[in-house]
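See structure below.
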Amino acid sequence: MEEIPKSHPRYLSLVTREKIKQAMKDGLVHETGLIAHGRGEAFDYLIGEKTIPSAEQSEKVAASMLLCAKNPVISVNGNVVALVAKEIVELGGLFPAKLEVNLFHRTEERIKKIILELKKHGAKKIYGTSANAKITGLDSNRGLCEKEGIFSADVVLVPLEDGDRCEALKAMDKTVIAIDLNPLSRTARSADITIVDNVIRAIPNISEWIKKLKNENKENLNDMIKKWDNNKMLMEVSSFISKRLNSLF
Ligand code: PTJ
């Protein structure tokens, strides 16, 4: 990795770019993952590169949803493993949830490399290699999944998504929690809970909420979930961005 001086005003952003670049060279991230990252960066800029109040709320409700789930699965792709491999493994171990590698640009080689990377960070069982089931109505390779994993999950956490799968999972009656910096995306608008935050901040934040809410009465958690209005939250994000832009100049 290239050396980036800590004093650089955009240190974190540059280090993150380096991670994605290196992970692409190592065969974990698909080339188009770099483009996806750039789009994410642009939206992160608009929200001020920090967790905004609406995202904090989404993270709290997402944690409640995961704690109430019977068979929760965290879906992992190239960008996620490049940026938050350790944090995803930690999160999965907290409640616990299954981890499944599910790729849009699916190759056996990339799946193996991603699994190896997750194992380096302590993951034991990781789903995604056998592709013995299919997400109904999804023609892309992302439709390939495992019976014991995403196919039979009741709640699926999808950090960094490309839209088609979220709708297909919902059509299968699953609850979808999406992390997407773009509040306008199909994913953001069709998920049950959308977290408009960078995965780098969102995953550790969800873990923190899980720890805080772990002993909370399930009824209280369910109450919070029932009251959740995802559209209202997206409107708040949009209003946050417009206010922020209007106050900048
Ligand atoms: O590893 P694969 O083969 O499964 O491919 C993964 C990518 C990301 C290439 C694929 O899913 C894709 O093309 O995604 P899209 O359609 O570009 O959508 C990615 C979404 O994630 C965009 O809306 C971005 O704004 C958002 N995004 C990018 N980086 C981050 C992010 N959201 C949260 N945190 C990020 N770091």
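Of all residues in the stretch 135-154, one or more are crowded, with 20+ Cβ neighbours inside 10 Å, more than 9 Å from the ligand (Cβ to nearest atom) and closer than 30 Å to ILE52 by Cβ. Residue pairs whose Cβ atoms lie under 8 Å apart, separated by 6 or more positions or on different chains, with the first residue in the stretch 155-177 and open to solvent by 50 Å² or more (accessible area, probe 1.4 Å) and the second assigned to a helix (DSSP H, G or I), are ASP162/ALA36; ASP162/ARG142; ASP162/THR187; GLU167/ARG186; GLU167/SER190; LYS170/SER190.
The rows are residues; the columns are (1) within 24 Å of ASN182 (Cβ to Cβ); (2) without any contact (Cβ under 8 Å) to a residue 40 or more places away in the chain; (3) among the charged types (D, E, K, R).
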{"residue": "ALA23", "(1), (2), (3)": "yes, no, no"}
{"residue": "GLY33", "(1), (2), (3)": "yes, no, no"}
{"residue": "GLU49", "(1), (2), (3)": "yes, no, yes"}
{"residue": "ILE52", "(1), (2), (3)": "yes, no, no"}
{"residue": "LEU67", "(1), (2), (3)": "no, no, no"}
{"residue": "VAL73", "(1), (2), (3)": "yes, no, no"}
{"residue": "ALA97", "(1), (2), (3)": "no, no, no"}
{"residue": "LYS113", "(1), (2), (3)": "no, no, yes"}
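Scanning the stretch 62-84 for residues that are open to solvent by 10 Å² or more (accessible area, probe 1.4 Å), within 16 Å of the ligand (Cβ to nearest atom) and among the aliphatic types (A, V, I, L, M) gives ALA82, LEU83. Out of all the residues in the stretch 190-201, is one or more open to solvent by less than 10 Å² (accessible area, probe 1.4 Å), over 12 Å from VAL61 (Cβ atoms), among the hydroxyl-bearing types (Ser, Thr, Tyr) and out of contact with any Phe, Trp or Tyr (no Cβ under 8 Å at 6 or more places or on another chain)? For the stretch 190-201, residues open to solvent by less than 10 Å² (accessible area, probe 1.4 Å), over 12 Å from VAL61 (Cβ atoms), among the hydroxyl-bearing types (Ser, Thr, Tyr) and out of contact with any Phe, Trp or Tyr (no Cβ under 8 Å at 6 or more places or on another chain): absent.
Residues of the stretch 109-134 that are aliphatic (A, V, I, L, M), under 19 Å from ASN79 (Cβ atoms) and either open to solvent by 60 Å² or more (accessible area, probe 1.4 Å) or in a loop (DSSP other than H, G, I, E, B) (or both): LEU116, ALA123. The number of residues in the stretch 174-204 being within 12 Å of the ligand (Cβ to nearest atom) and part of a helix (DSSP H, G or I) comes to 9. Any idea which residue in the stretch 1-37 is least open to solvent (accessible area, probe 1.4 Å), counting only those that are of a type in the set (Ser, Thr, Tyr) and modelled with pLDDT under 95? Looking at residues that are of a type in the set (Ser, Thr, Tyr) and modelled with pLDDT under 95, I get SER13.
The values are calculated or read from the model by the stated rules, or taken from the named source; none is laboratory data. Predicted model, so just to flag it, every value in this text is computed and none were measured. As a convention, Cβ positions derive from the backbone with ideal geometry for all residues, glycine included, and neighbour counts pool all protein chains shown. The area values use the complete protein model at the heavy-atom level, side chains included, leaving out ligands, DNA and RNA. Shrake-Rupley method; radii C 1.70, N 1.55, O 1.52, S 1.80 Å.
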